[in-house]
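Enquirer: First the structure, then my questions, so here it is.
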Amino acid sequence: MTTAVEEDEMRGKRVLVTGGTGGIGMETARGLARLGAHVIVVGRDARRAEDGVEKTFAVNVLAPFTLTRSLVPLLGAGAPARVINITGGIPRGPIDLGDLQGEKRYLGWTFSQYNHTKVIMMAMSLTLAERVAGSGITVNVAYPGHASTPGNRALPVRAFPLAYRPVAPLVRLLGPVLLADVGKAARSSVHLASSPRWRASPAGTSTPTAGPPPGRPRPWTSATGRPSGSCARG
């Protein structure tokens with residue numbers, strides 16, 4: 001549920017949504033468009049993704065870093081501006097700087113490269129927030145919770161960490177029923193983009209996500225190297 005204040009905040013604004021061709025990204029784009037924003041959707045071109053970099057690391061870390069870094073001058077010129085990154089899975093550490101691309105370990109008992117890259121992305125976001133402090137650019141991280149997205153439905157059981165594989169078939173069976181409302185999972189990112197509450201935030205913090213808005217702040221995982229501050233999670 002949105003408010004007139006959020007509609008006023010977004011009307012006429014330009015928003016770039018990556019991963020907007022499906023799942024939570026698509027619902028985020030739809031939600032912001034309904035608020036009156038001019039939404040630009042970016043989808044990955046598989047033909048250009050084969051660059052010799054491990055795909056999970058490329059998608060969750062290198063792509064958002066490269067895109068955001070290239071847009072910082074434009075965002076600063078158009079401030080106030082917001083950067084919202086989406087975490088997911090079970091983003092816990094520690095970050096292994098010697099195994100960023102999963103060359104040594106891709107899956108383990110509770111470890112997965114997907115979770116690893118999401119923690120790296122969170123640490124990257126927090127560092128960016130500190131570097132752009134005072135520029136009018138706000139950097140937040142949203143944890144949307146779980147939804148039955150095309151990506152989740154296509155995830156094979158062998159992609160789950162070993163400890164979670166026994167319940168993976170049950171999740172796949174019940175997910176399309178219990179987690180069918182992808183729009184609910186997108187509430188956090190829409191809220192962070194549209195609410196005047198998050199127009200500016202202190203350096204080194206990220207803010208609430210996960211619905212219903214305004215979400216609930218949670219401490220940063222110590223794996224990011226910054227145990228203080230908050231991140232958003234449902």
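Enquirer: Filter region 88-100 for residues that are under 20 Å from residue 156 (Cα atoms) and surrounded by fewer than 19 Cβ atoms within 10 Å (Cβ to Cβ); which is nearest to the chain's Cα centre (by Cα)?
Expert: 89
Enquirer: Right, something else. For region 133-206, list the helices (runs of 4 or more DSSP H) that sit wholly inside it and hold at least 2 residues that are among the polar types (S, T, N, Q); which are they? Walk me through how you get there before you give the answer.
Expert: Values: elements: 150-153, 168-178, 182-185, 187-194.
Once the helices (runs of 4 or more DSSP H) in region 133-206 are filtered for at least 2 residues that are among the polar types (S, T, N, Q), what remains is 187-194.
Enquirer: List pairs: first in region 19-46 and on the phi > 0 side of the Ramachandran plot, second of a type in the set (Ser, Thr, Tyr) and part of a helix (DSSP H, G or I), Cβ under 9 Å, 6+ apart or cross-chain?
Expert: Taking only residues 6 or more apart or on different chains, the pairs are 19/28.
Enquirer: Taking the stated definitions as given, is residue 56 more than 23 Å from residue 137 (Cα to Cα), hydroxyl-bearing (Ser, Thr, Tyr), under 17 Å from the mean Cα position of the chain (by Cα) and not in a helix (DSSP H, G or I)?
Expert: On the way: more than 23 Å from residue 137 (Cα to Cα): yes; hydroxyl-bearing (Ser, Thr, Tyr): yes; under 17 Å from the mean Cα position of the chain (by Cα): yes; not in a helix (DSSP H, G or I): no.
No.
Enquirer: Which condition from (1) more than 20 Å from residue 63 (Cβ to Cβ); (2) surrounded by 16 or more Cβ atoms within 10 Å (Cβ to Cβ); (3) modelled with pLDDT of 90 or more; (4) not acidic (Asp, Glu) is the one that residue 183 breaks?
Expert: (3)
Enquirer: Looking only at region 156-170, which residues are touching a residue at least 12 places away in the same chain (Cβ under 8 Å), open to solvent by 50 Å² or more (accessible area, probe 1.4 Å) and over 14 Å from residue 106 (Cβ atoms)?
Expert: Matches in region 156-170: 157, 164, 169.
The values are calculated or read from the model by the stated rules, or taken from the named source; none is laboratory data. Remember, it's a predicted structure, so these values are computed and weren't measured experimentally. Methodologically, a virtual Cβ is constructed for each residue, glycine included, from the backbone with ideal geometry; neighbour enumeration extends over all protein chains shown. When the accessible area is computed, the model is the full protein with side chains, heavy atoms only, and any ligands, DNA or RNA have been set aside. Shrake-Rupley method; radii C 1.70, N 1.55, O 1.52, S 1.80 Å.
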